[in-house]
Ligand code: FAD
Ligand code: NAP
């Protein structure tokens, strides 16, 4: 007897901003949907990343859904850059407001997704041994959702507390009076270090590469500022959707020019102006920061002078000046009092390039220069980005082909939305899409809308199988690679390149063309009857949405 409670039109994996919106629109379109998340609540990134100081680096009024006018008008943001608890509250509010929870299963990890060529359906297996059947499977598993800890010898011996910023405990972590070590100086570290320093009795920061950081100039969002912004939401959202990165910048002539072609005095004035606006406004001062080394050097020179102005100790200031990669080729950090924190007597910076970590001991971290006694170690060491969460699931398409084997030399997708040999599978903000180069909610809304339209079209056409063609995928992969090669990004050992994870293939993961151009390409492909996709009617009559029997043992899947 078929278990009808486990048969769906669509299974969505992940209940972050992608999964929540996907559920909402598919349900509205009349599909039966189940969302599965290993978290105990909605929010994704904002459920997991609860470390002190966590907040968005895109302004809250922009880093929010645009799909519902009442929602965007009624939600009141309290700060220019909302802290994690506020963003999590927002995700919860969305779940309540659109009654989403009844179709979400929490505390459940998806371990496998296997495609059945006879039924054109996916069998999804979870860590509690349950199996679900769905016509379509949408991976809303996130780009930055697979935290990684480096393999440092002795970590298991440490007698104190250990935390990863991306897996921060839900109960309060009391750092008062403790000796804390933070490993890493990327965005998560740069946000948490000033907060941890305030609580700890001593903070030791272990830095391998210094990172570039621009002040957020965060503050309360005054009601008049918020109201004025909201009054222009339709115009602003449209400008975001038709921009390069989904972010609302002032339109100004200067940012269309290469930095190196602007006279020094003008350049300095413009840098200063954008620095005072904060965050990504600075990176966007001129047109070519990640395209031309000479221009990039001018940015770097400006930022280094800012660091030297803030940090009192000249030697320490030099250690904090990023030099290992061009500005912007690892995500620019946005901070509140980061460099100022190093003026405290109770904060020590360890330069791991000069004195690498050799081991973690029972009571601290040893470098080649000595031992640092610690009560707490915080790993702010990032993520297996873009492919990690997908590769953690045993995804198998036609002929039992494993996605992780197909991607052994780097991910291959068509538009970052679909994978050849894996019919009826979609990835929201998958590798090969603009995703992490954008205000991600803009990218998410665009992908979700495209997938919904595609499934409605499939239903209207009486089709039940859609698959990216290998030719279209090859062409897209080449296009993504070529665009990346025209930039300075390959110069950095970044997570954009997969270079932060030992053994991971080093390839350009996101699509660096503009979000707007990309969205237009996706629209054109859909308008041309999903060009580059092969579609088919059911190959056999064995199953319908309510007929798949999920009882018994999981079927054996042929190894490729
Ligand atoms: P996620 O929020 O990552 O959600 C994915 C969900 O899938 C998670 O809940 C996870 O538990 C679940 N999942 C994954 N694998 C499985 C599985 N096998 N089984 C079950 N569930 C699974 N972007 C911006 O644009 N602006 C910002 O300011 C910004 N700040 C950020 C700050 C931090 C600390 C981090 C880590 C990222 C930030 N990002 C930011 C990127 C952020 O990830 C996206 O903006 C957005 O929240 C992604 O939403 P999502 O739903 O696609 O993925
Ligand atoms: P990250 O940017 O990848 O930074 C990881 C840090 O850990 C780097 O400084 C890295 O050094 C260091 N590290 C890694 N392995 C190490 C080792 N074995 N020994 C010593 N140091 C090691 O990760 P993240 O800070 O978590 O940020 C990831 C992304 O999430 C960001 O780029 C951003 O997109 C997003 N995010 C956004 C915000 C925000 O401001 N809203 C906040 C947090 C995260 P190297 O640089 O030398 O590799």
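Only the coordinates and a few stated rules stand behind these numbers; no lab work does. Note that this is a predicted model, so its numbers are computed, not measured. A quick note on method: Cβ atoms are made from the backbone with ideal geometry, for glycine too, and the neighbour counts reach across all protein chains shown.
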| said: Between 0 and 90 degrees, rounded to the nearest ten: what's the tilt of helix 187-199 against the longest Cα principal axis of the chain? | reply: 50
| said: I'd like the orientation of helix 293-310 relative to the chain: the angle between its Cα long axis and the longest Cα principal axis, in ° from 0 to 90, rounded to 10. | reply: 50
| Additional length obtainable on full extension of the chain from residue 162 to residue 229, 0.36 nm per residue less Cα span | 19.9 nm
| said: Suppose R0 equals 45 Å. What FRET efficiency, 1/(1 + (r/R0)^6) with r the Cβ-Cβ distance, do residue 310 and residue 470 give to the nearest 0.05? | reply: 0.30
| remark: Label model pair residue 355, residue 301: point-to-point distance (7 angstrom along the Cα→beta-carbon line) in nm is 3.4
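Can you show me the helix-derived [θ] at 222 nm for the chain, built from DSSP H runs with n ≥ 4 at -39,500 (n - 2.57) apiece and divided by the number of residues, rounded to the nearest 500.
For the chain, the value works out to -9000 deg cm²/dmol.
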| Quick one: 511, 236, 90, fewest Cβ neighbours within 10 Å first, how do they rank? | 236, 90, 511
| Taking the alpha-carbon centroid of each part, what is the distance from the range 335-377 to the range 88-118 in angstrom? | 40
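Taking 0.36 nm per intervening residue step and subtracting the Cα-Cα distance, what contour gain separates residue 217 from residue 97 on full extension?
Details: separation 120, 0.36 × 120 = 43.20 nm, distance 3.17 nm.
The residue 217-residue 97 span can extend by a further 40.0 nm.
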| task | At 7 Å along the Cα-to-beta-carbon direction for both residue 261 and residue 68, put a label point, then send me their distance in nm to one decimal. | result | 4.6
| request: Could you work out how far helix 17-28 tilts from the main Cα principal axis of the chain, as a 0 to 90 degree angle to the nearest 10? | output: 30
| field | Gain in span if fully extended, residue 29 to residue 324, counting 0.36 nm per residue against the direct Cα distance | value | 101.3 nm
| request: Round to a whole angstrom and tell me the spacing of the C-alpha centers of the range 500-538 and the range 185-221. | output: 35
| request: May I ask you to derive the relative contact order of the chain, considering only C-alpha pairs under 8 Å and at least 6 residues apart, and to give it as an integer percent? | output: 21
